[in-house]
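Taking it in order: structure first as structure tokens, then the write-up.
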Amino acid sequence: MNDAMSLGIHRLWKDDYVSSLKPGRKGPIRCIDLAGGTGDIALRILDHAREQYADRETTVDVVDINAEMLKEGYRRFKKTMYHNTPQVSFIESNAQALPEETFPTNTYDLYTIAFGIRNCTSVPDVLKEAYRVLKPGGTFACLEFSKVTNPLFNMVYDQYSFSVIPIMGSILAGDRDSYQYLVESIRKFPSQPEFAEMIKDAGFSSGGMHEGKGGAWRDLWGGIASIHTGVKL
Ligand SMILES: C[S@@+](CC[C@H](N)C(=O)[O-])C[C@H]1O[C@@H](n2cnc3c(N)ncnc32)[C@H](O)[C@@H]1O
């Protein structure tokens, strides 16, 4: 679905997202990637740490509510050097209620969630859990479809989203409804400033690598997607 919505650009956004977080720069870290079933983000984190900083100890716990998605991620990792190493693990769980026994408080240095929080029924609960499992000083980073800020570009984007995407979904996947839902869920998700406020309300400081004029986020492609970050105080 990400491919249809972004015409494959989501791969570039994911590269940008992970490299801007610089995993491994200050030495090995513990990461948790929520809604991470495809393994896309985990693989980028481990590759970045290894290739940029010769770090072979950074770890990623890939967590997803959907066992089938986790299986898909596991299958992909089987073809990589990280398979059967302590650097990656796959855990089925709900981002909104991470069990304390499996995910103790103050555990992780980096919490990532890419194109996942929009699918969760309670964003505040996800943020609360993210805050809990991060160590003080740890970073929350979310990549998500967002709001286009330029009105003219927004008209074109709306046209593409509401006319082209459901048709593509129907032709490519025989599933118009899911693609229609995708477009609508993007429109319903909070705007960049609203989401930044929610992150702040969860206790995060707006400090972080993407802090710009408007707050702790960075727009990608005029706001089609954005990266929000926060630091646990
Ligand atoms: C569009 S996929 C994104 C996967 C991956 N992060 C990526 O960018 O390729 C959304 C994922 O969110 C997962 N998901 C939805 N609700 C969730 C929840 N409450 N907790 C954990 N994962 C969830 C789905 O199972 C799915 O794997």
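The values are calculated or read from the model by the stated rules, or taken from the named source; none is laboratory data. Just so it is clear, the structure is predicted and the values come from calculations on it, not from any experiment. Glycine gets a Cβ as well: all are built from the backbone with ideal geometry, and neighbour counts include every protein chain shown. Keep in mind that these areas ignore ligands, DNA and RNA; they rest on the heavy atoms of the full protein, side chains included. Shrake-Rupley method; radii C 1.70, N 1.55, O 1.52, S 1.80 Å.
Which parts of region 172-203 would a label at residue 158 reach, counting a residue when its backbone N lies under 16 Å from a point 7 Å out along Cα-to-Cβ?
183-189, 191
Give me the angle, in degrees from 0 to 90, between the Cα long axis of helix 123-133 and the longest principal axis of the Cα atoms of the chain, rounded to the nearest 10.
For 123-133 against the chain, the angle is about 10 degrees.
Ignoring ligands, DNA and RNA, what percent of the 1.4 Å accessible area of the chain is carbon and sulfur?
Answer for the chain: carbon and sulfur cover 55 percent of the accessible area.
If you wrap a convex hull around the C-alpha atoms of region 35-165 and split its volume per residue, what is the figure in Å³?
In region 35-165, the Cα hull volume divided by residue count equals 156 Å³.
Can you pull out the GluC sites (Glu not before Pro) in region 67-109 that DSSP calls coil and that have at most 12 other Cβ atoms within 10 Å?
Sites meeting the loop and neighbour criteria: 100, 101.
For q values of 0.07, 0.14, 0.17 Å⁻¹, compute log₁₀ I(q)/I(0) with the Debye formula on a Cα-only model of the chain, without solvent.
Computed log10 I(q)/I(0) values: -0.21, -0.89, -1.31.
Say we join alpha carbon atoms closer than 10 Å with springs in a Gaussian network model of the chain; which of 173, 97, 196 then has the biggest fluctuation?
173
Can you list the residues, at least 5 places off or on another chain, whose amide H is less than 5 Å from the amide H of residue 108, using H built in the peptide plane?
Distant-sequence amide H within range of residue 108: 134, 135.
How about region 3-103: which trypsin sites (Lys or Arg not before Pro) there lie in a loop by DSSP and see at most 12 other Cβ atoms within 10 Å?
Sites meeting the loop and neighbour criteria: 25, 26, 79.
When the chain is treated as a GNM, springs tying every alpha-carbon pair under 10 Å, which of 122, 191, 146 comes out with the largest mean-square fluctuation?
Top of the fluctuation ranking is 122.
When the chain is modelled as a GNM with alpha-carbon springs shorter than 10 Å, which of 172, 34, 143 fluctuates the most?
Result: 172 has the largest fluctuation of those listed.
At 7 Å along Cα-to-Cβ for each site, give me the label-to-label distance between residue 197 and residue 184 in nm.
Once both label points are built, they end up 2.5 nm from each other.
How many percent of DSSP beta bridges within the chain run antiparallel, rounded to 5?
40 percent
Taking only protein heavy atoms into account and a 1.4 Å probe, give the accessible area per residue of the chain in Å².
Roughly 47 Å² per residue, with all protein chains present.
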